[in-house]
1. Find the residue count for region 218-243, including only residues that are crowded, with 18+ Cβ neighbours inside 10 Å, assigned to a loop (DSSP other than H, G, I, E, B) and not small (Gly, Ala, Ser).
2. Taking region 244-264, which residues are within 20 Å of residue 216 (Cα to Cα) and surrounded by 19 or more Cβ atoms within 10 Å (Cβ to Cβ)?
3. Take region 252-291 and flag every residue that is modelled with pLDDT under 95 and either of a type in the set (S, T, N, Q) or closer than 24 Å to residue 229 by Cα (or both).
4. For region 151-186, which positions are closer than 30 Å to residue 90 by Cβ and of a type in the set (Val, Ile, Thr)?
5. Output the residues belonging to region 103-135 that are part of a loop (DSSP other than H, G, I, E, B) and surrounded by fewer than 17 Cβ atoms within 10 Å (Cβ to Cβ).
6. Enumerate the pairs (first residue in region 89-106 and among the acidic types (Asp, Glu); second residue anywhere and surrounded by fewer than 24 Cβ atoms within 10 Å (Cβ to Cβ)) with beta-carbon separation below 6 Å, excluding pairs fewer than 6 apart on the same chain, so at least 6 apart or on different chains.
7. How do the pairs read when you match residues in region 233-262 that are over 10 Å from residue 273 (Cα atoms) and free of Cβ contacts under 8 Å to residues at least 12 places away in the same chain with residues anywhere that are among the hydrophobic types (A, V, I, L, M, F, W, C) and assigned to a loop (DSSP other than H, G, I, E, B), using Cβ under 7 Å and keeping only pairs 6 or more apart or on different chains?
8. What are the pairs, 6+ residues apart or on separate chains, where a residue within region 15-30 that is on the phi < 0 side of the Ramachandran plot has its Cβ under 7 Å from a residue that is crowded, with 17+ Cβ neighbours inside 10 Å and of a type in the set (Lys, Arg)?
Amino acid sequence: MGKPMSRNLLKAGYQLIVYDIAEEPILELVAIGAVRGESPRDVATRAEVVMTMLPDGPEVEEVVLGKNGVLEEAKPGTLVVDMSSISPLVAQKVGKACEERGVDFLDAPVSGGEPKAIDGTLAIMVGGKPEVFERARPILAAMGSTITLTGPVGAGNVTKLANQIMVACNIAAMGEALALATKAGLDPEIVFNAVKGGLAGSTVLNAKAPMVVARNFKPGFRIRLHQKDLRNALLAAEAMKLPLPLTSLVQQMLMALMNDGKADLDHSAIVNFVEKLGQVEIARKAPGLSS
């Protein structure tokens, strides 16, 4: 995600200093105009705005708060924008540490996966102070088409977790519906086309049903990452004593898929869980075949 987002920042004319623990994305970005950074600390010494895109909360804490991290050298007035999808509690912890150093902080997770990261049309959900949000808005606009301030620090990640719950449950329900249609002898592609214009239609359905019937599970957003997001949602809900029974069920489905070797498939492969239970494959019928 970070690499295509960086490409869009370069296209928009921003000067970038880039750092990653992997060499390949650094080399690719340097080749198109970025400057190489040597560590998060090094980046913070040279940049007024530091943006992070990392797998989960522990990595964000290490990069911002840890040894050779951003806060070791960030000057007062620096803006840190974390675009990772993490626990709201971790976002608030990092935000508080930044505030104590005179550093502005926003949590700004994104939705849309790799395809929208590439074309610069991510939905960006932001938590932080309004004046800090306005400072960051032009930069975020180079990467997203919808940029919304949802509340104080942590609110961006609460909103992202809400998004992830709706997406995961939608895919799971789609899997059950299309498995039912397939088991009944119908072509799931025809069923999808029949319902997509009605109340059951959704962006998730339109994006994921064609992938399923084509048996294309090339990852745009991976099973293991969605499982992480639902885990964070359940932990946040537990802290608020809020039961989330559907989220818990789908998170268990994702865990089972990871144990079945499907962790790096696209999250549309949630349907594989239903398919395995029902001994059915949701796929378009070959021309000329009938049930």
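1. Looking only at that region, the number is 1.
2. Across region 244-264, the qualifying residues are 253, 254, 257, 262.
3. If the condition is that a residue be modelled with pLDDT under 95 and either of a type in the set (S, T, N, Q) or closer than 24 Å to residue 229 by Cα (or both), then 290, 291 are the ones that fit.
4. 153, 158, 159, 165, 167, 171
5. 121, 129
6. 104/79; 104/132
7. From region 233-262, the pairs are 237/244.
8. Sorted first by the residue in region 15-30, then by its partner, the pairs are 25/3; 28/3; 29/3.
The values are calculated or read from the model by the stated rules, or taken from the named source; none is laboratory data. Just so you know, these numbers come straight off a predicted model, no measurement behind them. Note: ideal-geometry Cβ built from the backbone for every residue, glycine included; neighbour counts use all protein chains shown.
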